[in-house]
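Undergrad: First the structure, which I've put down as C-alpha cells, then a few questions once you've had a look.
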Amino acid sequence: MDDIRLHFYNTLTRTLEPFESLEEGHARFYTCGPTVYNFSHIGNLRTFLFEDILRRTLKLFGWRVTQVMNLTDIDDKTIRSANEAGVSLREFTDRFIQAFFEDLDTLRIERAEHYPRATDYIPQMAELVKTLEEGGHTYRSGDSIYYRISTFPAYGKLSRIRLDKNLAGARVDSDEYEKEDARDFVLWKAAKENEPSWETEIGSGRPGWHLECSAMAMSLLGETFDIHTGGVDNIFPHHENEIAQSEGASGEPFARFWLHAEHLNVESEKMAKSKGNFFTLRELIERGHDPLVIRYLLMSVPYRQKLNFTFDGLHAAEQALERIANTLRRLEHTPDAIDQGAMSLADIKAFLRHFREGLADDLNTAKALAALHTVLRQVNTALDSGGLSAEIKQALFGAFKEADSVLGIFPETGTSSTGDDDEIQALVEERTEARKNKDFARSDAIRDELATRNIVIEDTPPGPVWRRQ
Ligand SMILES: [Zn+2]
C-alpha cells in the first residue's frame, strides 16, 4: 500500500497537495494551543482532536512526528481571571493546564512532544522583536512596540483578505494603544500596573499573543517546518500575523502546509453561553455521556466541514460504538472454524486499503469509518454463516489494531473486553456445558441472569455468541 500518498488541503495554496516532509521521515508541526483560563469546550476540542488524527495518521504512514502545542498562559483574559481569583498568574494557569491535560487524556488525545508555556519563552520573544526592529519592521508608540504591516508586502497571502484601503493610514484607537495603521498589531505591550511584566532588552512589558506562537514555533521547530494547524478563526489575523513576524525576521518560509479545522455548531446554532448551548467536555460527561462516544462524534465529520453537534448525533455515535464492540466481542468469542469461512485475506487487505485511502484524502475520517463499518458487516455475515478460521480472525484483529491506532475508539482492554466481559464469558461457557449435560434448569437460569444484565445469547452454528442489547 506504499502507493497511497497522504494529501492535505493547504489553506496557503487553496489546493489539495501531496504531503512531503522537509526532513526525510520526520514530520514537524505546530498547533495553536489553549488559552488556559477556563475548561476546554467541545469546539476547542474538535480542533485538538483533528490534530490528534493528523499526528496519528502521519505515524500510520510511517513518519516520526514532532508536534508542538503552545499554552497561552499570559494575555488579557488570563491576567484578569487570575486577578479576580486572587492568585498569581502562574498558580492560576497551572490549574487549567492540569485540567487541559486531563481532558486530553479523557478523549484519548495523544500528547504532543512539546507544550511550551508562553511565559517560559519571554527571552526568545524579546529576541524576535529585536530582530524585527533591526529589520525596520516595527515602531514604538508609548512604550509598546508595533509591527508595521506595510513593511511586509506578502501580508494577506494566507487569508487572502483584502483589507479596506481606507483603513490604511487612519489612526484607530484600538486596544488602548496608538497605532499608525489599523492593520498594524502589537508585538510587545508596555508594562502596566497590576499586570505581570518582564524586564528585557527591548524594554519592560509583556508579549502580544501573536508573538508567542512565532517565537515558540521557531525555537522548537526551526525557521521552516512542515505543518501549522489551528481553527479557521485563527487564519486572520492570528496566523497572518505569525507569518509576518516569522518571515519578516527570518526571510525564510515559515510553515509549508496550513491546515484549519472548521467550526462546530450545537443543534445548528453557534455555541454561546447566552444560548445555553455551550458545553465543556466536563459538562457532557457529568450528564452521563461516554467520552469515547464524544470522541467518535467529534471525529466522524471530516475536519474541513462544519460539524453540527447534536444530542441525536451523540445517540447515533453511541449505537455505532456499540455495534463495533459487539462485533469485536462476537469475533473474539466465536470458536474458530476449520475452513476459512466467508472472508478472505484479500477482503481484509481491501479494508485496510480503503481505510488508508480515506485518511490519505485530507484526513477524511468519514471515509475511514465507512470502511470500518463495511468490514464489520462482512464479519457479522461470516460469523452468521459458519464462522471464521483462526488465521482470518488473527488477520482481522491485526487490521483493527492498525485502524484503531488512528481512530482511538475501540474498547479499552484487549481487543474488546470491558470490565465484566470475562465473567459474562464464563457464564456463557457454563451454560453451554449445562446444555451438553442436559441440565436445562441450570442453562435457563444462566440465560435469565444474563438477560437481567441486558446480555443476549445467540446460538450460532459454530457455538453460542453473546452481545449487549
Ligand atoms: Zn498560534
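Undergrad: Condition test on residue 76, is it of a type in the set (Asp, Glu) and more than 27 Å from residue 358 (Cβ to Cβ)?
TA: Yes; evaluated as a whole, the condition is true for this residue.
Undergrad: So how many residues does the stretch 255-305 have that are over 14 Å from the mean Cα position of the chain (by Cα), at pLDDT 95 or above and aliphatic (A, V, I, L, M)?
TA: 5
Undergrad: For the stretch 233-270, enumerate the residues that are under 17 Å from residue 220 (Cβ atoms) and either crowded, with 22+ Cβ neighbours inside 10 Å or in contact with a strand residue (DSSP E or B) (Cβ under 6 Å, 6 or more places away or on another chain) (or both).
TA: Within the stretch 233-270, 242, 245, 246, 249, 254, 255, 256 meet the criteria.
Undergrad: A follow-up question, please. Pairs under 9 Å by beta carbon, first residue more than 15 Å from residue 147 (Cβ to Cβ) and without any contact (Cβ under 8 Å) to a residue 12 or more places away in the chain in the stretch 183-212, partner assigned to a strand (DSSP E or B) and among the charged types (D, E, K, R), six or more apart or different chains?
TA: Listed pairs, sorted by first residue: 192/206; 197/189; 197/206.
Undergrad: Among (1) within 28 Å of residue 305 (Cβ to Cβ); (2) buried (at least 17 other Cβ atoms within 10 Å of the Cβ), there is one condition residue 3 misses while meeting the rest; what is its number?
TA: For residue 3, the exception is condition (2).
Undergrad: Do the conditions hold for residue 200, that is, is it modelled with pLDDT of 95 or more and either away from the ligand (no atom under 15 Å from the Cβ) or among the aromatic types (Phe, Trp, Tyr) (or both)?
TA: Here the answer is yes, as residue 200 does meet what is asked.
Undergrad: From the list 66, 131, 78, pick out the single residue that is assigned to a helix (DSSP H, G or I) and either buried (at least 19 other Cβ atoms within 10 Å of the Cβ) or within 16 Å of the ligand (Cβ to nearest atom) (or both).
TA: Details: 66 fails: assigned to a helix (DSSP H, G or I); 131 fails: either buried (at least 19 other Cβ atoms within 10 Å of the Cβ) or within 16 Å of the ligand (Cβ to nearest atom) (or both).
None of the other options fit; the residue is 78.
Undergrad: Shifting gears a bit: I need the helices (runs of 4 or more DSSP H) fully contained in the stretch 303-399, keeping only those with at least 2 residues that are aromatic (Phe, Trp, Tyr). Give the derivation first.
TA: Working: elements: 311-333, 345-360, 365-384.
So the answer is 345-360.
Undergrad: Checking the condition surrounded by 15 or more Cβ atoms within 10 Å (Cβ to Cβ), under 24 Å from residue 217 (Cβ atoms) and either at pLDDT below 95 or out of contact with any helix residue (DSSP H, G or I) (no Cβ under 6 Å at 6 or more places or on another chain) (or both), which residue from 190, 112, 118, 154 passes? Give the steps one after another, and end with the answer.
TA: Details: 190 fails: under 24 Å from residue 217 (Cβ atoms); 118 fails: either at pLDDT below 95 or out of contact with any helix residue (DSSP H, G or I) (no Cβ under 6 Å at 6 or more places or on another chain) (or both); 154 fails: surrounded by 15 or more Cβ atoms within 10 Å (Cβ to Cβ).
Just a single option satisfies the conditions, and that option is 112.
Undergrad: Here is a follow-up. Given the conditions (1) in contact (Cβ under 8 Å) with a residue 60 or more places away in the chain; (2) part of a strand (DSSP E or B); (3) away from the ligand (no atom under 16 Å from the Cβ), which single one is not true for residue 30?
TA: Exception for residue 30: condition (3).
The values are calculated or read from the model by the stated rules, or taken from the named source; none is laboratory data. Source: prediction; values computed, not measured. Glycine gets a Cβ as well: all are built from the backbone with ideal geometry, and neighbour counts include every protein chain shown.
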